[in-house]
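So the structure is just underneath, and the comments pick up after that.
The values are calculated or read from the model by the stated rules, or taken from the named source; none is laboratory data. All of these numbers come straight from a predicted model, not from anything done at the bench. Using ideal geometry, Cβ is built from the backbone for each residue, glycine included, and neighbour counts are taken over all protein chains shown. Accessible surface areas use protein heavy atoms only, side chains included; no ligands, DNA or RNA. Shrake-Rupley method; radii C 1.70, N 1.55, O 1.52, S 1.80 Å.
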Amino acid sequence: MSDQVVPSETNAASKVDERQWVPRALAFSIGRISQNMIRLPHFPEYTRGDRWVFVKDGGWVGGHWVGLLWLAFAYTRDREMERQARKWAARLSARQSDTTTHDLGFLFELSHVLGANLTGDEALKGPALQAARTLTRRFNRQGGFFQAWGGLDASAAQRGGAIIDTMMNLDLLFWASREAADSYFAEQALAHARTCLRHQVRPDFSTAHGADFDPETGEFIKLSTYQGLSAASCWSRGHAWAVYGFADCYRATKDSLFLATARSLAEHALGRLPEDLIPYWDYDSPLIPHDVRDSSAAAILGSGLLYLAALEPDSALAERWTCTAGKILRSLWENYTSRASLEPSLLIHATRSKPEGFMDHGLIYGDYYFVEGLLRLSDPVMASNLH
Ligand code: GLY
């Protein structure tokens with residue numbers, strides 16, 4: 001256990017008092033989302049100084065922008081937010097048949113399923129269900145994993161690549177199985193989760209970003225990385241995806257293996273957080289403490305811990321996840337928001353990919369999970385109906 005994580009607070013009154021910052025952080029976030037809503041011509045991905053860098057078709061991040069609009073609508077009930085969320089969701093809709101990405105979960109869960117859950121609009125479900133069908137085409141039966149890179153006819157090296165980020169795309173498949181009353185989707189999701197657990201979750205519950213397989217035989221070849229320091233390191237955002245993704249698997253199955261995995265992954269992360277609880281971009285960077293942080297990893301971990309807390313049958317652990325998540329999100333609010341800078345994102349000091357030279361900027365997915373976490377702190381009942 002990390003000695004930075006203070007024991008749980010039991011006094012309800014002081015807990016309320018401790019959370020006074022949450023509505024302020026939400027007010028700031030809603031204001032910034034409203035400004036972006038008026039100005040953005042395309043889907044935002046990351047910031048360069050005072051501007052967003054766009055990705056026209058939404059890339060893998062379009063769902064996060066639409067999802068932010070839905071979260072803002074959930075909090076404010078502002079009909080203009082809803083109108084904008086619907087408009088941007090429609091712009092992503094053509095991607096429902098895109099076989100070139102494993103990120104259809106990010107794209108359609110946050111744009112269409114979230115919108116359907118919030119509004120009750122059944123019409124938003126159709127594109128999400130089709131996206132789930134499309135995603136199943138990337139499943140490698142021999143290896144039991146979803147192909148991370150390239151199209152269906154990509155090189156063998158690409159077709160054999162799996163990454164830990166895919167854990168976040170499985171929930172669309174669990175949703176599709178419930179929606180279509182067809183276990184096919186969930187079976188693939190569970191096969192992928194088990195493969196990830198077998199190869200990418202190490203005995204000490206650190207995680208490897210990538211795993212390479214022979215795409216024809218499914219044989220495991222080696223661990224790898226794309227955005228982390230090395231195949232042997234623990235990339236902090238990938239690890240946060242894993243905490244959240246295994247919690248998704250537990251929610252869908254109630255299988256105690258997935259609960260135990262999510263708990264141990266969470267403990268591993270908490271044991272490696274620095275004093276202000278915002279991870280460095282890779283937990284194994286030899287440059288720590290003189291390296292860059294990844295505020296997006298903190299936001300994903302913070303919201304993921306609150307999600308895990310809501311599923312957690314052990315009340316002491318639920319309190320631990322909640323208390324720690326509150327501290328992580330508060331640290332983001334106090335020292336990693338753009339309140340005193342020019343970035344149009346909510347969070348600053350994120351790292352898209354240090355190996356590719358992208359660091360110390362805002363990221364739309366950091367913003368999404370920051371607001372999702374704030375809503376989970378602010379109104380856990382409402383938030384439990386979103387995801
Ligand atoms: N899914 C890609 C990333 O986390 O950067």
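Remarks
- Within the set Phe185, Phe213, the sole residue that is surrounded by 20 or more Cβ atoms within 10 Å (Cβ to Cβ), under 21 Å from the mean Cα position of the chain (by Cα) and modelled with pLDDT of 95 or more turns out to be Phe185.
- If you filter segment 75-110 down to residues that are of a type in the set (Gly, Ala, Ser) and open to solvent by less than 10 Å² (accessible area, probe 1.4 Å), you find that the one that is farthest from the ligand (Cβ to nearest atom) is Ala85.
- Residues that are open to solvent by less than 10 Å² (accessible area, probe 1.4 Å) and on the phi > 0 side of the Ramachandran plot within segment 48-74 comprise just one, Gly58.
- Selected residue (criterion: farthest from Glu219 (Cα to Cα)) from residues of segment 146-203 that are charged (D, E, K, R) and within 16 Å of the ligand (Cβ to nearest atom): Asp171
- Just one residue in the set Arg51, Arg32 is over 22 Å from the mean Cα position of the chain (by Cα), modelled with pLDDT of 95 or more and over 17 Å from Ala89 (Cβ atoms); that residue is Arg51.
- Some residue of segment 287-295 being assigned to a helix (DSSP H, G or I) and β-branched (Val, Ile, Thr): no
- For segment 111-145, filtered to residues that are within 18 Å of Gly218 (Cβ to Cβ) and away from the ligand (no atom under 16 Å from the Cβ), the residue that is farthest from the chain's Cα centre (by Cα) is Gln142.
- Residue within segment 315-332 that is closer than 25 Å to Arg32 by Cα, surrounded by 24 or more Cβ atoms within 10 Å (Cβ to Cβ) and within 15 Å of the ligand (Cβ to nearest atom) present: no
- Check on Leu118, open to solvent by 10 Å² or more (accessible area, probe 1.4 Å) and either at pLDDT below 95 or in contact with a helix residue (DSSP H, G or I) (Cβ under 6 Å, 6 or more places away or on another chain) (or both): yes
- Hey, Tyr250 within 14 Å of the chain's Cα centre (by Cα) and either hydroxyl-bearing (Ser, Thr, Tyr) or more than 16 Å from the ligand (Cβ to nearest atom) (or both) or not: no
- Candidate set: segment 344-387, residues that are open to solvent by 10 Å² or more (accessible area, probe 1.4 Å), within 13 Å of the ligand (Cβ to nearest atom) and in a loop (DSSP other than H, G, I, E, B); chosen: the one nearest to Tyr244 (Cα to Cα): Arg352
- Unique match (being out of contact with any helix residue (DSSP H, G or I) (no Cβ under 6 Å at 6 or more places or on another chain), open to solvent by 20 Å² or more (accessible area, probe 1.4 Å) and either in contact (Cβ under 8 Å) with a residue 12 or more places away in the chain or among the β-branched types (Val, Ile, Thr) (or both)) among Asp276, Asp284: Asp284
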